[in-house]
1. For labels at T122 and R17 in the simple 7 Å Cα→Cβ model, what's the distance in nm?
2. Where does region 120-244 land on the Kirkwood hydrodynamic radius, alpha-carbon pairs, in angstrom?
3. Looking only at M150, M288, M270, which one moves most when the chain is put into a Gaussian network model with springs between Cα atoms under 10 Å?
4. Compute the helix-to-body angle for 3-15: its Cα long axis versus the longest principal axis of the chain, expressed 0 to 90° and rounded to tens.
5. When only DSSP loop residues count, what trypsin sites (Lys or Arg not before Pro) in region 144-233 have their Cβ near at most 15 other Cβ atoms within 10 Å?
6. Between A197 and L82, how high is the FRET efficiency from 1/(1 + (r/R0)^6) when r is the Cβ-Cβ distance and R₀ = 41 Å? Nearest 0.05.
7. Determine, from the Cβ-Cβ distance of Q269 and A30 and an R0 of 45 Å, the FRET efficiency 1/(1 + (r/R0)^6), rounded to the nearest 0.05.
8. Would you kindly give the portion of the calculated P(r) for region 3-86 that falls above 16 Å, as a percent of all Cα pairs?
Amino acid sequence: MDPRQLNHLIALAETGRFVQAAERVHLSQAAFSRSIQKLEARLGLRLFDRGPKGARLTAAGRVVVERARQLAFEQRCFARDLALLREGALGELSFGAGPVPGATLVPALLAALQRQHPALVTRVRSGHADSLLALLHAEQIDFFIADPRMLAPDARLQTQALGEVHGGLYCRSGHPLARRRSLDISVVVGHGIGVVAASAPLRAMLRASLGLAATEPLPLRVECDDLTTLARLARDSDALVLLPHALAAEQRGLRRLQISGAPPAMAVQMHAIWLRGRSLSPAAEGAMALARELAQALPREPA
């Protein structure tokens, strides 16, 4: 199948309108319509039902478009492989990071990359696993660092474990609870806590660590993706905040709460996640190796 016709087919499937699809691929509407008609004639299949509301995929069309998307992806991968072979390396690196690796691992990773490759142009995108996954599928980033437990199983993805980030509940050093040597978890539940924005998988993990049933509400008082802001909140108010030990150690005036029994703990699994079948550039492979090395040095317990 002609690669141009692949793009025409995908454009019409995604827009549902001949005018918008033609504009997307920079063709006149007449030329675009002829391209789709020729494709249908060549395949011997009707791919779209035309009507006043636009073009709608037929059952056969849905199958062909799904295969066309895969072929288009493989063609882009092939072009990328050729570029890597010709150039030996890429001068740019784009990756994403979730809130926890973004606050604990990425700063040291960027510094190490700049020391080792000062001419490398690096772009970092922040977000939750779902938003980073969308960027990955759009091929706007090479990989991202997140906890794979926050994602649904997906055979299109490849992952590599980098390490874990450990943490616990923190408060300001002058907090009334900070003077107590041992707290019952019910006190924490009654007080409420601040965490990163809690997705459904994270909420389930928090309930388990706090000993709450699936139907019980979580004692969340603040949700914020900026962990530095959460640390400042703990320092400047009576809020209890779940923080990585590595970040808390960099802040003055914070103290870890001592909780009896099985205290709630943060153990974020950091994995590099990328598209299966997509060749990683030398820059991306080097960044992942550095990230794995740096992750091993993160503290498992408070300093």
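Every read-out reported here was derived from the displayed coordinates using simple, explicitly stated rules and does not represent laboratory data. The structure displayed is predicted, hence computed values, not measured ones. No Cβ is skipped: glycine too gets one built from the backbone with ideal geometry, and neighbour counts run over all protein chains shown.
1. Between T122 and R17, the label points sit 4.2 nm apart.
2. 16.7
3. Ranking M150, M288, M270 by mean-square fluctuation puts M150 first.
4. So the inclination is approximately 60 degrees.
5. In loop regions of region 144-233 (DSSP not H, G, I, E or B), the sparsely surrounded trypsin sites (Lys or Arg not before Pro) are R156, R180, R181.
6. The calculated FRET efficiency here is 0.50.
7. 0.25
8. 52
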